[in-house]
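Peer 1: Pasting in a structure now, in structure tokens, and then I'll have a few things to ask.
The values are calculated or read from the model by the stated rules, or taken from the named source; none is laboratory data. Nothing here was measured: the structure is a model prediction, and the numbers come from that model. Every residue, glycine among them, receives a Cβ derived from its backbone with ideal geometry; neighbour counts consider all protein chains shown.
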Amino acid sequence: MSEKRTYFSYFKKGLTIRNYWVYTLFAVFIAIGLVLSITNLPKASTYQLFEQIGYTIVIVISLSLVVGFLGELSLGHAGFMSIGAFTGMFFQQVVLNSLASQKGFPAAIALFISMIVGGTVAAIFGFIISLPALRLKGDYLAIVTLAFGEIVKVFFQNIDIQSITNKKGSPVWSTTGIIHDFRFDYKWLYIIIFAIALLFIVMIRNLLRSPHGRNIMAIRDNEIAAKAMGVNVTFYKIFVFVLSAFIAGVAGVLFGASQATFAAAKFDYNYSINNILVIVVLGGMGNLEGSIIAALVVALLNNRLQSVLSGDLAALKNVIYAMVLIVVVIYNNAPFLKPFREKYNFRVLFNTIKAKFSKPKDPDDPEKGLPDPSYGADWSKIPTKIPMDAIVTTDVLPSNETDDWKGEN
Amino acid sequence: MSDFWTLALGALALGGVYALIALGYTMVYGIAKMLNFAHGDIIMVGAYSAFVTFMMLGMPVWLCIIIAIIFCTLLGIGIEKAAYRPLRGSSPLAILITAIGVSYLMESIVYLAFSSAPKNVVLFPSLQGNPTATALITLGVATLLMVALVLFINYTKIGKAMRAVSEDRGAAQLMGINVNFVIMVTFAIGSALAAVAAVFWLMKTPLVTYTMGSLPGIKAFSAAVIGGIGSIPGAMIGGIIMGLIETFCDSIPGLQSYTMAIEFAILVIILLIRPSGLLGKTKREKV
């Protein structure tokens, strides 16, 4: 390719939109939401559910970028979210509140500014975390990110800057959390959250289809080979961590805006794992749409189960959730279920439905029959790694019952 | 004894408990190549087993401890068979998520059965309020178990097989080692050590809750990583380091609430200096 590429050159070409159905879904959702909000039909709890789905989608996209596309495991994304939530909301409270009291500052702009502030601060920490990521591998990096999240949590739990804010008369920050009186009108907030989520999805889709996205996925598939092919591994690792942290920070601000009060203790490693990583894995690693659907399904499932099971049975919700998690992961990954999996999955289902509704392709018309060449190859079908373990184990696996190695002497 | 020595003894004892838990993490990682996030909850189950047998059924203490150890061992084997064995050979992340699911499942089942209210379990009333004796017993038993484990790993046939599997699973299989059996034994030993750790944990803080396993679990995991995950002496050193940091940070008034942050900061610093822990092996990667 003779054209000289800069790191952001793909922006010049403008954003292209593919995977229409996801966007259609979002657009329909936002449209229905607008109608509902105008007519004022749903209950406050419904809005809360929508808000929760919205910011979960944003944080899940953020982690999906690191885990699914860069191939590094992060167990501390709640830390970035926490940083975003606290700095963004603090900024909103302290800086914008004084402006607002003077001349009716619009809440939407206040939210937007605090999103940029929270995201940027989180991105700075993303840069800091990306430095050990250059040196550490796999599980060691995972524990460092976990440690980062916990350090952030302890920091926010202990910091007490009431003295600064006391000048204004209202404490916005206590040792247990932040209380803000800038609460956005809940009728409109979730639409903004969904719009932001949509924006990020379009952005990341475009990034991943650009040469930069290909480089990032090359690092995931084989770092040394990517390096040998001239991919700037250092740059892309830092880039992905910073971008991911920014998005996580924005998710934090959105989370903060949707809550009347929140505490730092919420963002511990359990949150990173149970509410973020699990959704990314359930949705399918390296599959953005899957993560979004998983976020939707998990949030709805949690919500439904919570309202169905009350009282003593409330804990049953967690039992069901854990069982579903284990079964889904085993079904998706167990080597012995592979033939079954290839026969019954959503892609096959989707294709059968599609085949029923679409006209058969005309082989004489190349315009219709060929896939879009700019889309590139189907990555999931190209074997990038041959697992040696699998080859060895299938051939010479000793049976479980015999303990051959015991009877040597 | 002066305050300092009491504190130092307590630190070593706590380190011993962490080391016992960390051994479970590190052995499973070394042999099955997976992060067993459910290990912390084995401690919780062990403590609840002691609660049921001792407080509810009124059995003698020694029997309670033996039952807890046996129960945890069987539980560890059961979890390995049901949840991890089907996933052998698939991506490490899938196994990690399953482990998280198992951990969540155990916590919620215990929650369902016993509710979330913390319960008091005083196994040794005579040792209550006597930190020196508690620490000495903990330290003694922990040391004994660790020595026994090292002897087991180094001088028995199963130990040899375990080392072989951790070195190269494929080659071990070719040599006729039953890898599934070795992994099962590893889980059994790790879970039994976790049950012992649960008893010591109850001696220190005689309360059981359904989330009690996560904190010692995560700290012991950090200890295993500090020592170099997969290395047995590393887990012991890491455990002692974590115990020392925690006890001394807790004793300094201003630092108390930052203990956790300091522990993790030291973990990060150690990993930055030695990317695979203090005693971990660095592997060369090939394309």
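Peer 1: Tell me whether segment A:21-28 contains one or more residues that are at pLDDT below 75, part of a helix (DSSP H, G or I) and in contact with a Phe, Trp or Tyr (Cβ under 9 Å, 6 or more places away or on another chain).
Peer 2: yes
Peer 1: Please count how many residues of segment A:94-118 are modelled with pLDDT under 75, among the polar types (S, T, N, Q) and surrounded by 14 or more Cβ atoms within 10 Å (Cβ to Cβ).
Peer 2: Qualifying residue count for the region: 1.
Peer 1: Scan segment A:239-285 for residues that are closer than 12 Å to A:L63 by Cβ and not hydrophobic (A, V, I, L, M, F, W, C) and jot them down.
Peer 2: Within segment A:239-285, A:S244, A:Y271, A:S272, A:N275, A:G283 qualify.
Peer 1: Check whether at least one residue in segment B:185-195 is without any contact (Cβ under 8 Å) to a residue 60 or more places away in the chain, over 28 Å from B:I262 (Cα atoms) and aliphatic (A, V, I, L, M), and report yes or no.
Peer 2: Yes: segment B:185-195 contains one or more residues that are without any contact (Cβ under 8 Å) to a residue 60 or more places away in the chain, over 28 Å from B:I262 (Cα atoms) and aliphatic (A, V, I, L, M).
Peer 1: Something else about it: Count, please, the residues in segment B:259-287 that happen to be more than 20 Å from the chain's Cα centre (by Cα), facing chain A (nearest Cβ under 7 Å) and at pLDDT 85 or above.
Peer 2: Count: 5.
Peer 1: Yes or no: segment B:135-153 includes at least one residue that is farther than 26 Å from B:G234 by Cα, part of a helix (DSSP H, G or I) and more than 14 Å from chain A (Cβ to nearest Cβ).
Peer 2: No, that holds for no residue.
A quick yes/no check of all residues on (1) crowded, with 22+ Cβ neighbours inside 10 Å; (2) within 14 Å of chain B (Cβ to nearest Cβ):
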site: A:K237; (1), (2): no, no
site: A:V240; (1), (2): yes, no
site: A:S244; (1), (2): yes, no
site: A:G249; (1), (2): yes, no
site: A:G256; (1), (2): yes, no
site: A:A263; (1), (2): no, no
site: A:K266; (1), (2): no, no
site: A:S272; (1), (2): yes, yes
site: A:I279; (1), (2): yes, yes
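Peer 1: Name, by its number, the condition in (1) more than 14 Å from chain A (Cβ to nearest Cβ); (2) within 20 Å of A:V319 (Cβ to Cβ); (3) of a type in the set (S, T, Y) that does not hold for B:T73.
Peer 2: All conditions pass for B:T73, except number (2).
Peer 1: Scanning segment B:104-120 for residues that are surrounded by 21 or more Cβ atoms within 10 Å (Cβ to Cβ) and more than 8 Å from chain A (Cβ to nearest Cβ), which turns out nearest to A:L313 (Cα to Cα)?
Peer 2: Checking each candidate, the answer is B:V110.
Peer 1: Next question. Please verify whether segment A:223-233 includes one or more residues that are modelled with pLDDT of 80 or more, under 23 Å from the mean Cα position of the chain (by Cα) and closer than 21 Å to A:P132 by Cβ.
Peer 2: yes
Peer 1: Pairs please, first residue from segment B:84-100 and more than 8 Å from chain A (Cβ to nearest Cβ) and free of Cβ contacts under 8 Å to residues at least 40 places away in the same chain, second anywhere and part of a loop (DSSP other than H, G, I, E, B) and among the basic types (K, R), Cβ atoms under 9 Å, 6+ apart in sequence or on different chains.
Peer 2: Pairs found: none.
Peer 1: May I pose another question? Starting from segment B:66-82, keep only residues that are farther than 16 Å from B:G40 by Cα, then list their pairs with residues that are not aliphatic (A, V, I, L, M) whose Cβ atoms are within a distance under 7 Å, requiring at least 6 positions of separation or different chains.
Peer 2: Between residues of segment B:66-82 that are farther than 16 Å from B:G40 by Cα and residues that are not aliphatic (A, V, I, L, M), the close pairs are B:I67/B:S49; B:I67/B:T53.
Peer 1: Just checking, which of B:G58, B:G46, B:G78, B:G89 is of a type outside the set (A, V, I, L, M, F, W, C), within 19 Å of B:T205 (Cα to Cα) and either modelled with pLDDT of 90 or more or outside any helix (DSSP H, G or I) (or both)?
Peer 2: B:G46
Peer 1: Inside segment B:207-229, can you point out the residues that are touching a Ser or Thr at 6+ places or on another chain (Cβ under 9 Å) and surrounded by fewer than 24 Cβ atoms within 10 Å (Cβ to Cβ)?
Peer 2: B:T209, B:T211, B:M212, B:S214
Peer 1: Separate question: Sort out which residues of segment B:184-230 are within 12 Å of chain A (Cβ to nearest Cβ), among the β-branched types (V, I, T) and part of a helix (DSSP H, G or I), and write them in order of number.
Peer 2: Of everything in segment B:184-230, those that are within 12 Å of chain A (Cβ to nearest Cβ), among the β-branched types (V, I, T) and part of a helix (DSSP H, G or I) turn out to be B:V185, B:I218, B:V225, B:I226.
Peer 1: So is B:G10 away from chain A (no Cβ under 14 Å), within 22 Å of B:V182 (Cα to Cα), surrounded by 21 or more Cβ atoms within 10 Å (Cβ to Cβ) and modelled with pLDDT under 90 or not?
Peer 2: Criteria not met by B:G10.
Peer 1: I'd like to know if segment B:247-257 contains one or more residues that are β-branched (V, I, T) and either touching a Pro at 6+ places or on another chain (Cβ under 9 Å) or surrounded by fewer than 18 Cβ atoms within 10 Å (Cβ to Cβ) (or both).
Peer 2: Yes, that holds for at least one residue.
Peer 1: More than 21 Å from the chain's Cα centre (by Cα) and either crowded, with 24+ Cβ neighbours inside 10 Å or not charged (D, E, K, R) (or both): does that describe B:M56?
Peer 2: The answer is yes for B:M56.
Peer 1: Now for a different question. Name the residues in segment A:255-268 that are of a type outside the set (S, T, N, Q) and in a helix (DSSP H, G or I), would you?
Peer 2: A:F255, A:G256, A:A257, A:A264, A:A265, A:K266
Peer 1: Consider segment B:184-198. How many of its residues are surrounded by 23 or more Cβ atoms within 10 Å (Cβ to Cβ) and over 12 Å from the mean Cα position of the chain (by Cα)?
Peer 2: Summing the residues that are surrounded by 23 or more Cβ atoms within 10 Å (Cβ to Cβ) and over 12 Å from the mean Cα position of the chain (by Cα) in segment B:184-198 gives 1.
Peer 1: So A:L313 ticks every box in (1) within 14 Å of chain B (Cβ to nearest Cβ); (2) over 18 Å from B:S108 (Cβ atoms); (3) without any contact (Cβ under 8 Å) to a residue 12 or more places away in the chain but one. Which box is left unticked?
Peer 2: Of everything listed in (1) within 14 Å of chain B (Cβ to nearest Cβ); (2) over 18 Å from B:S108 (Cβ atoms); (3) without any contact (Cβ under 8 Å) to a residue 12 or more places away in the chain, A:L313 misses just condition (2).
Peer 1: Still on this structure, please answer the following. Check A:A315 against each of (1) under 26 Å from the mean Cα position of the chain (by Cα); (2) surrounded by 19 or more Cβ atoms within 10 Å (Cβ to Cβ) and name the one condition it does not meet.
Peer 2: For A:A315, the exception is condition (1).
Peer 1: Further question: I need every pair where a residue in segment B:205-230 that is farther than 14 Å from A:E150 by Cβ and touching a residue at least 40 places away in the same chain (Cβ under 8 Å) has its Cβ under 7 Å from the Cβ of a residue that is surrounded by fewer than 24 Cβ atoms within 10 Å (Cβ to Cβ) and of a type in the set (D, E), sequence separation at least 6 or different chains.
Peer 2: Pairs found: B:I229/A:D139.
Peer 1: I'd like to know if segment B:231-240 contains one or more residues that are within 12 Å of chain A (Cβ to nearest Cβ) and either assigned to a helix (DSSP H, G or I) or more than 21 Å from A:Y140 (Cβ to Cβ) (or both).
Peer 2: Yes, segment B:231-240 contains a residue that is within 12 Å of chain A (Cβ to nearest Cβ) and either assigned to a helix (DSSP H, G or I) or more than 21 Å from A:Y140 (Cβ to Cβ) (or both).
Peer 1: In segment A:269-310, what count of residues is obtained for those that are touching a residue at least 24 places away in the same chain (Cβ under 8 Å) and part of a helix (DSSP H, G or I)?
Peer 2: 24
Peer 1: Suppose we filter segment A:190-229 for residues that are in contact (Cβ under 8 Å) with a residue 40 or more places away in the chain, farther than 30 Å from A:I38 by Cα and away from chain B (no Cβ under 14 Å); how many remain?
Peer 2: Adding up the residues that qualify gives 13.
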